[in-house]
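**Student:** Right, I'll just put the structure down here and ask away after.
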Amino acid sequence: MEKVATAKSHKALFLSTTAFTICFAVWMLNGVLVTFLVSNQVYDWGPVEIGWLLGIPVLTGSIFRLPAGMLTDKFGGKPVYSSLLFIVAIPMYMLSYADGFWEFAILGFGFGLAGVSFAIGIAYTSVWYPKKNQGTALGIFGAGNAGAALTLVFAPTLLNIFTDDGANIEGWRQLPVYYAAVLVIMGVVFFIFAENKKPRAHGKSFIQMLRPLKDMRVWRFGLYYFLVFGCFVAFSQWLVPYFVNVYYMPLVTAGILAALFSFPSGVIRAAGGWASDRWGGRAVMYWVLGLSIAISFMLIIPKMDIYSPGKGIMNKIPGTVTAVTENRVVVNDKEYHLKENDRSFEELEDDIVVFPTKSTWQEPVVEVGQEVKRRELLAKGVTRIYFQANVWIFAGFVLILGSVWGVGKAAVYRLIPDYYPDEVGVVGGMVGVLGGLGGFFSPIIFGYLLEYTGLWTSAWMFIWVLSVVCLFWMHNTIMRMERKEHPEDEFKI
């Protein structure tokens, strides 16, 4: 008898998605809280310390996804998810008493465990739905990524309320208490209303459960997720300094645009799950990787104003220069007309300029009375290329790319039940580990690339290369599989 989705399935999906949304909001808390404390000079933390405090929860939530997924496959989602919510609430509450870098770092390591909720929720949700509905269900669950946007939008407002707009700065300590209370309430709700269900493979030993990790396919899926999830998490934070440094935007505006990048990507993940059920995860990933290559390539071109040598004017007959003006040079009786610069780029700053704009002109390099030979340069050519990289066009492309990655996140996890129906927790956990590590390491890579090249768009160069590698590896693997399954078609034209 074919497995079908029931009311119990939908209840499990609702509970796991709600819990995941709360956990994701907790996971991203330091991005707002640490920035607030440093901006208000509560702590004198430098860029390196801030980077570690932002990265530690992401790292914790990544490296423990595999054991969390294994525990879910072994014991079921109800006890593991409930325990996680209660456990994370402890360091979150203790954060209200923290007073220094190391206390924040240790407690960040603790509440960073909220990030493993993804591996637990994926394994728990998948056992409630038939294969044909897995993409849609897991896509809806993955929309809990929007919890990051909730923290970006609401946490600053709550901090302003708790601190009386900075008059009572110690009021920030109420925020972790409220977050901890929400975690406890969700833990109680999940424990009371959720029903436990295990996959067929729950009787395996932990060593047997790890066997799928020997498959190169698992690591390939992990690389896809490094791109569509890890780089998504990285840019959720990286876009704030990007907008500030490249487009000179106020911090508040940059934060809003970064939140706009995060929110649609989380929500559209549900649509990605439906599309993966409809056309298959493989077909959807072709589109995702193809669009990632195209859009990141367009974003590589930096905002620039370049002067370059252009087409000059050379003398045709030997003689003496008798006249030099801005628009002509006269040698003996022969007159050479120069092209003037008739364009002002400054007036374009307030306009929306989509494509690079070019202007060419010529400037004399000789003086009156100078003897010149044949083929000697009389006027040098100058070419000016101006590319505005308009902020709204840039933001639009980034928004589209974030949404494309949102679809890709669902497509990757739609592929897992197809190949590992009884090891979703283990394989999904490992894929989640690699994706989470992308969120930790990508900002570090972006920083080194910026330091080396001096270009903020070097981050998009990295995305382009990574997207090309993913597409090439996927397509090459699929072609090998097709040749193996249908060797008779190998030499057909």
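Just so you know, all these numbers are worked out from the coordinates, no wet-lab data involved. Just so it is clear, the structure is predicted and the values come from calculations on it, not from any experiment. Cβ sites come from the backbone with ideal geometry, for glycine too, and all protein chains shown count toward neighbours.
**Student:** Taking 0.36 nm per residue of sequence separation and subtracting the Cα-Cα distance, how much length would be gained by fully extending the chain between Thr320 and Ile306, in nm to one decimal?
**Tutor:** Here the segment from Thr320 to Ile306 would lengthen by 1.6 nm.
**Student:** Report relative contact order for the chain in percent, whole number only (criteria: Cα-Cα under 8 Å, sequence separation at least 6).
**Tutor:** 23
**Student:** Further, regarding this structure: What is the distance, in nm, between label points placed 7 Å from the Cα along the Cα-to-Cβ direction at Trp52 and at Arg480?
**Tutor:** Between Trp52 and Arg480, the simple spin-label model gives 4.2 nm.
**Student:** Just to be sure I understand the model, the point goes 7 Å from the Cα along the line to the Cβ. What's the resulting Ala167 to Gln370 distance in nm?
**Tutor:** With each label point 7 Å from Cα toward Cβ, the separation is 7.2 nm.
**Student:** Helix 174-193: angle to the longest alpha-carbon principal axis of the chain, degrees 0 to 90, nearest 10?
**Tutor:** 50
**Student:** Compute the length gained on full extension between Phe86 and His337: take 0.36 nm times their separation in residues and subtract their Cα-Cα distance, giving the result in nm to one decimal.
**Tutor:** Difference between extended and current length: 82.2 nm.
**Student:** Can you pull the three principal axis extents for the Cα set of the chain, in Å, largest first?
**Tutor:** Extents along the principal axes: 99, 77, 34 Å.
**Student:** Rg (Å, one decimal) plus Dmax (Å, integer) for the alpha carbons of region 304-387?
**Tutor:** Both quantities, over Cα of region 304-387: 15.6, 48 Å.
**Student:** Fewest first, what order do Ser96, Ser126 take by the number of other Cβ atoms within 10 Å?
**Tutor:** Ser96, Ser126
**Student:** Under 25 Å Cα to Cα from Lys311, which lysines show up? Leave out anything in the same chain fewer than 8 places away.
**Tutor:** Answer for Lys311, where 25 Å is the Cα cut-off: Lys303, Lys334, Lys339, Lys358, Lys373, Lys380, listed by chain and number.
**Student:** Rounded, prolate or oblate: which one fits region 38-124, using the alpha carbon gyration tensor with axes a ≥ b ≥ c (rounded when a/c is under 1.5, else prolate when a/b beats b/c, else oblate)?
**Tutor:** prolate
**Student:** Same structure again: Positive end of the dipole of the chain, charges at C-beta (+1 Lys, Arg; -1 Asp, Glu), about the Cα centre: which of Phe24, Gly428, Ala89 has its Cα farthest in that direction?
**Tutor:** Sorting the options by dipole projection puts first Gly428.
**Student:** Further question: Between Asp418 and Lys132, what is the spin-label point distance in nm, taking each point 7 Å from the Cα along the Cα→C-beta axis?
**Tutor:** Here the answer is 1.7 nm between the modelled labels.
**Student:** Moving to a separate point now. Read phi for every residue in region 334-339 and hand back ³J(HN,Hα) as whole Hz from Karplus 6.51 cos²θ - 1.76 cosθ + 1.60, θ = phi - 60°, with x for Gly and Pro.
**Tutor:** With coefficients 6.51, -1.76 and 1.60, one gets 8, 9, 10, 8, 9, 7 Hz.
**Student:** Remind me, relative contact order of region 304-387 in percent, using alpha carbon pairs under 8 angstrom and six or more residues apart?
**Tutor:** 48
**Student:** On to the next question. Quick one: length gained pulling Ile445 to Val182 fully straight, 0.36 nm per residue minus the C-alpha distance?
**Tutor:** 91.2 nm
**Student:** Can you give the angle from 0 to 90° between the axis of helix 47-63 and the longest principal axis of the chain, with both taken from C-alpha atoms, to the nearest 10?
**Tutor:** With both axes taken from Cα atoms, the answer is about 40 degrees.
**Student:** Charges only on Cβ, +1 for Lys and Arg, -1 for Asp and Glu: so what's the dipole of the chain about the Cα centre, in debye to the nearest 20?
**Tutor:** Dipole about the Cα centre, nearest 20: 2220 debye.
**Student:** According to the Cα gyration tensor, what semi-axes, each the square root of 5 times an eigenvalue, does the equivalent ellipsoid of region 368-409 have, listed from largest to smallest in whole Å?
**Tutor:** 54, 11, 4
**Student:** So what is the calculated 222 nm ellipticity per residue for the chain, using -39500 (n - 2.57) for each DSSP H run with n of 4 or more, over all residues, to the nearest 500 deg cm²/dmol?
**Tutor:** Only helices count here, giving -21000 deg cm²/dmol.
**Student:** Could you put Lys197, Lys334 in order, starting from the residue whose Cβ has the fewest other Cβ atoms within 10 Å?
**Tutor:** By the 10 Å Cβ count, ascending: Lys334, Lys197.
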